[in-house]
Amino acid sequence: MSVPPQFTLNALVDETLWLDEVESTNSFLANRTTAGSALALSWNQTAGRGRLGREWVSPSGGSLALSVALWPELVPKPVTPEWLGALSLVAGASLADAIRPHLSEPVRLKWPNDVLIAGKKVAGILGEVSADGRVIVGVGVNVSLTQDELPTELATSLTLHGFQPGSQLQRVISAFVGELRLTLSGIEGGLTREKRAWVAEQCDTVGREVRVEFPGGATRNGRAMDLDDAGRLLVHFLESNVVESVDAADVIHLRPAH
Ligand code: BT5
């Protein structure tokens, strides 16, 4: 197997740290005490975490785990729920924007922060606040996993869609980190109308009939109408005929709305 590429992004962050093996790049950065911005990356993450206590699987060598400890001057103090909600959406949209020029198939978002190619998940995002108040955005991207190596039937990888990691990966990651930095200035109070439109137009969930699965197991069907400024999904629920905002939940896409 060829050696997966490594690169530095020191023009964008104070430090770039490649780790031969790590349990979780998010936990690694959260456990450091360095105050500046940093990027931690690994091709061999052994205990990756998803949202709501779930697992993120990174088969060795084919899936890139990376985490960004955000630029302190761009993080509001204190961190507000509006800002955190907005952050995870702009991170997903920045990553989708960074991948899109390299592929011929549509690159879309599924609320709250999955990146999809042809309807399948190629990347997931986990934003966290460390005990000392730093904010870390973690991204798992399936880069060169083959069909057999993919952890679920709903997953895909970049190379399955014609992506060439050798020459293009550094450009994707650098475009993602650069755009994330740019979009962070201006979401202090949550998503502006402009940023909400930018995310919503990439988001396959908005405008769709969905099943919302709440932590604890309850499910409700409805139509996803829009996003609010805190990144919550506004869903028109069928049985109550009321629009409610949804934050910590999972969404299953049922069918496109007409
Ligand atoms: C996510 O959670 O999608 C966030 C994943 C964040 C992972 C990064 S890797 C770097 C950093 N360090 C960490 O420890 N974490 C971050 P969620 O929306 O909860 O999705 C998790 C679900 O995605 C799992 O329950 C599986 O169904 C599915 N899944 C797991 N591994 C996958 C993969 N490699 N590709 C596609 N789907 C996957």
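The values are calculated or read from the model by the stated rules, or taken from the named source; none is laboratory data. All figures in this text were calculated on a predicted structure; none of them were measured in a lab. Note that each Cβ is placed from the backbone with ideal geometry, even for glycine, and that neighbours are counted across all protein chains shown.
Brief remarks on what is shown
- Scanning region 102-131 for residues that are out of contact with any helix residue (DSSP H, G or I) (no Cβ under 6 Å at 6 or more places or on another chain), more than 15 Å from the ligand (Cβ to nearest atom) and in contact (Cβ under 8 Å) with a residue 40 or more places away in the chain yields Ser104, Ala131.
- Residue pairs whose Cβ atoms lie under 7 Å apart, separated by 6 or more positions or on different chains, with the first residue in region 43-58 and among the β-branched types (Val, Ile, Thr) and the second more than 6 Å from the ligand (Cβ to nearest atom), are Thr46/Glu21; Thr46/Glu23.
- Unmet criterion (only one of (1) within 15 Å of Asp14 (Cβ to Cβ); (2) part of a strand (DSSP E or B)) for Thr34: (2)
- Gln164 meets each of the listed conditions (1) polar (S, T, N, Q); (2) more than 20 Å from the chain's Cα centre (by Cα); (3) surrounded by 14 or more Cβ atoms within 10 Å (Cβ to Cβ); (4) within 30 Å of Pro4 (Cβ to Cβ) apart from (3).
- Lone unmet requirement of (1) outside any helix (DSSP H, G or I); (2) touching a helix residue (DSSP H, G or I) at 6+ places or on another chain (Cβ under 8 Å); (3) away from the ligand (no atom under 12 Å from the Cβ); (4) under 25 Å from Leu233 (Cα atoms) for Pro78: (2)
- Checking each residue in region 86-134 for being of a type in the set (Asp, Glu), in contact with a strand residue (DSSP E or B) (Cβ under 7 Å, 6 or more places away or on another chain) and not in a strand (DSSP E or B) picks out only Glu105.
- Count of region 140-175 residues, restricted to those that are under 18 Å from Asp97 (Cα atoms), more than 13 Å from the ligand (Cβ to nearest atom) and part of a helix (DSSP H, G or I), is 11.
- Count of region 52-106 residues which are among the charged types (D, E, K, R) and over 18 Å from the mean Cα position of the chain (by Cα): 3
- Out of Val199, Val242, Val210, Val206, sole residue that is under 16 Å from the mean Cα position of the chain (by Cα) and not basic (Lys, Arg): Val199
- Total residues in region 181-226 satisfying the condition of being part of a strand (DSSP E or B), more than 25 Å from Val68 (Cα to Cα) and in contact (Cβ under 8 Å) with a residue 24 or more places away in the chain: the figure is 10.
- Matching residues in region 43-62 - criterion: being more than 15 Å from Val122 (Cβ to Cβ) and either in a helix (DSSP H, G or I) or more than 8 Å from the ligand (Cβ to nearest atom) (or both): Trp43, Asn44, Thr46, Arg51, Leu52, Gly53, Ser60, Gly61
- Single residue of region 209-234 satisfying the filter (in contact with an Asp or Glu (Cβ under 6 Å, 6 or more places away or on another chain) and under 26 Å from Val79 (Cα atoms)) that is modelled with the lowest pLDDT: Ala230
A quick yes/no check of all residues on (1) within 20 Å of Leu169 (Cβ to Cβ); (2) surrounded by fewer than 22 Cβ atoms within 10 Å (Cβ to Cβ):
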| position | (1), (2) |
| --- | --- |
| Pro78 | no, yes |
| Gly92 | yes, no |
| His102 | yes, yes |
| Val107 | yes, no |
| Lys120 | yes, yes |
| Ser130 | no, yes |
| Val135 | no, no |
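- Among (1) closer than 29 Å to Glu15 by Cβ; (2) outside any strand (DSSP E or B), the one test that Val137 misses: (2)
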